[in-house]
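What follows is a short report on a single structure.
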Amino acid sequence: MSTERSTYEVTATRKRPQDFDRLVGQDFVVSTLENAIKENRIAHAYLFSGPRGVGKTSSARLLAKALNCEKGMSAHPCGECESCRAIAKGSSVDVIEIDGASNTSVNDIRAIKEEIMFPPQSSRYKIYIIDEVHMLSTSAFNALLKTIEEPPEYIIFIFATTELQKVPATIRSRCQQFRFQLISQDLIMKCLASAAEDIGIKADEDALFWIAKEATGSMRDAYTLFDQVAAFSGDHITLQKIREKLAIAGFSAISSIISAVLSGDHKTAMENLSGLFADGVSAEQITKDAADYFRTLLLYKEGIRRTDILGSAIQDIPEDIVAMLSREQLEAALKAFLSLYRDLRYSLSPRFEIELLFSRLASLPDLTSPEILVRKIEDLKNGVAEGSVVIRKKVQRVIEAAPAIAETAQEATEKKPEKKEESQSMVPQPEQEDEEEPSPAEDIAEEESRPFSLSDIPAAAEMLSKMGKTVAARYLEAVESISEKDDGSYFITLSKPLAYNNLKLAEKDVSKAISSVMGYPVAIKLRLEEKKALTDDDFSDDMKRLKAFLGGKLIKTETAGQNTPDEGKGAGNYESIRNVEADEFDPEQPQ
Ligand SMILES: [Zn+2]
């Protein structure tokens, strides 16, 4: 930052409160001190703690004035008497200001101990204001402790510190403590507006907003920055001038780069970024502003609308980006910039690092956080426990059975004379993904479980029969092929609508039966896939053998079918598997 200064008296000094009423943002401290003075309850040691630049030293001087005013002790010192004027100038012999940071030794404290034996020269009290008191050494604290335990009546200590926790508890407990707060952004803006008015300068609200934000709650920092800005702004302070002179990126510049990246316009993004470097904005500043940007969006996403917390005006916040990114994604981006900020000073090329990080933001919408992954794994775990997800070592081989096998007796007898050769479009294929029936949890699948295959069908059919589902049991024998899907569930393919429809009605029971036979939950999905008439040439030798094998089984089914009173009529009419295949389609079957 520039060290340019205006020639007029610095604002922080000019605006230093000469009265408790002018002390901004510390209402609780002010009212407590005023009451104490009014009621003549004066402590011999005060401890003012709080962030830098919020009025601790000013309050200490105000208190000294109030205690030593020649017109009588008052919360509203006259400001005109010898004592008041001397304190305001810092030249009062009875108000001694000591910087704890440079007087840390025990000898310094011994000197004070000797001094306090002498009463004030011309005032009511001899007041020691020790700033940054936490800097004192342990032995100095110990020496001080004895002094403040039993000080002469005329001695008052006012300690100030930014780091209360470093002040020993023994000291703290002997002081009346006051905690000073950060000053709100709104209040800082008001004070800045008043300061601008005092010196006859016009100041845009967004410019003052920016200064107030940079000051992060410190009135002194705000005034210092204000002076710096006022020095180059002529008679009008604008955000544009601040950006140019102080080489800051700012929210809107960062916002436009990130919008471009996220919309895939890499070229514009890199050009804008390059423009910032060309304007002399430092890598640190860009990184800081980008972190700031994502912090603001994150807070906004969480529902925060107070501009003093957001650090940005509501109308500047890009709603579309907030909507596009999840909380986790915004967090990740914020983390990335904060971490880059830490690493920048070790970087060979800070500029490259920044360009790289901005480029990477393009994939931000795809980012899944560890938290989401953990949640997904949890869901999966619960799914396995409930039986809706089957985990089994993936077996690459897909079991394909002969595409044509015989059918049940009923189907054979219900054949219609009219046949459709091209019947694919007549029967809608069942949806592939949306109606999977989870099989009941009977056991958590073991890694090495045997995959479900056609050879398990007879046992599954038998199980269905035992469950009293004899119709489904019979139709199950019409299964043509079984194939394992990537997710571990199985497609059970049938070529006959009648078999498909009947099994579909009993799908849960079928799944239960198969799971029971296999010893682990098996998720199935029934699929209707009609076949055209096939010739022997359609079969490989293996398939022919398999067909013969399965054909043998089907004779058994016919027997089972005959045992089923309502559906067992007309069994055993096959001439050949191929003929049955060709005759099987019935367009009037309900779906
Ligand atoms: Zn006075």
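The values are calculated or read from the model by the stated rules, or taken from the named source; none is laboratory data. Only a predicted model underlies this, so the values are computations on that prediction, with no experimental measurement involved. FYI the Cβ positions are ideal-geometry reconstructions off the backbone, even for glycines, and counts take in every protein chain you see. The protein model used for the area step is the full one, side chains on, heavy atoms only, and it has no ligands, DNA or RNA in it. Shrake-Rupley method; radii C 1.70, N 1.55, O 1.52, S 1.80 Å.
Here are the numbers:
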{"quantity": "Of all accessible heavy-atom area on region 103-179, the percent that carbon and sulfur account for (1.4 Å)", "calculated": "48 percent"}
{"quantity": "Mean-position separation - Cα centroids, region 173-216 and region 36-50, in angstrom", "calculated": "26 Å"}
{"quantity": "Binned Cα-Cα distances of region 26-179, short to long, each 5 Å bin given as a whole percent", "calculated": "2, 10, 20, 23, 22, 15, 7, 1, 0"}
{"quantity": "Accessible surface of Lys508 - all protein chains present, 1.4 Å probe, nearest 10 Å²", "calculated": "130 Å²"}
{"quantity": "Phi-based couplings in Hz for region 296-307 (Karplus 6.51, -1.76, 1.60; Gly and Pro marked x)", "calculated": "4, 5, 5, 5, 5, 4, 7, x, 7, 10, 6, 5"}
{"quantity": "Nearest-0.05 FRET efficiency for Val10 and Asn35, computed from C-beta distance (R0 25 Å)", "calculated": "0.15"}
{"quantity": "Peptides ranked, highest mean first, by Cβ atoms within 10 Å: ranges 93-102, 53-62, 451-460", "calculated": "53-62, 451-460, 93-102"}
{"quantity": "Projected area averaged over orientations for region 247-366, convex hull of C-alpha atoms, nm²", "calculated": "6.9 nm²"}
{"quantity": "Residues with amide H under 5 Å from that of Ala203, placed H, sequence gap 5 or more", "calculated": "Ile237"}
{"quantity": "Cα→Cβ-extended label distance, 7 Å offset, between Ser263 and Thr368, nm", "calculated": "2.9 nm"}
{"quantity": "Carbon + sulfur, % of accessible area of region 1-98 - ligands and nucleic acids excluded, 1.4 Å", "calculated": "49 percent"}
{"quantity": "Rounded percent of accessible protein surface that carbon and sulfur make up, region 247-366, 1.4 Å probe", "calculated": "53 percent"}
{"quantity": "Accessible area expressed per residue, region 26-179, with surrounding protein chains retained (probe 1.4 Å, Å²)", "calculated": "47 Å²"}
{"quantity": "Amide H partners (placed H, <5 Å) of Gln177, local residues excluded", "calculated": "Leu47"}
{"quantity": "Compactness of region 119-160 as Cα Rg over 2.2 N^0.38 Å, two decimals", "calculated": "1.24"}
{"quantity": "Integer Hz, Karplus 6.51/-1.76/1.60 couplings in order for region 327-342, x for Gly and Pro", "calculated": "4, 5, 5, 5, 4, 4, 5, 4, 4, 4, 6, 5, 6, 5, 4, 5"}
{"quantity": "Under the Karplus curve 6.51 cos²θ - 1.76 cosθ + 1.60, θ = phi - 60°, whole-Hz ³J(HN,Hα) for region 253-269, x wherever Gly or Pro sits", "calculated": "5, 5, 4, 5, 5, 5, 4, 5, 4, 5, 8, x, 8, 5, 4, 4, 4"}
{"quantity": "5 angstrom amide H check on Gly100, placed H, neighbours 5+ away", "calculated": "Asp131, Glu132"}
{"quantity": "FRET efficiency for Ser194 and Asn142, using Cβ-Cβ distance with R0 set to 41 Å, rounded to 0.05", "calculated": "0.35"}
{"quantity": "Efficiency of FRET from Cβ geometry, Gln240 and Asp308, R₀ 30 Å, rounded to 0.05", "calculated": "0.85"}
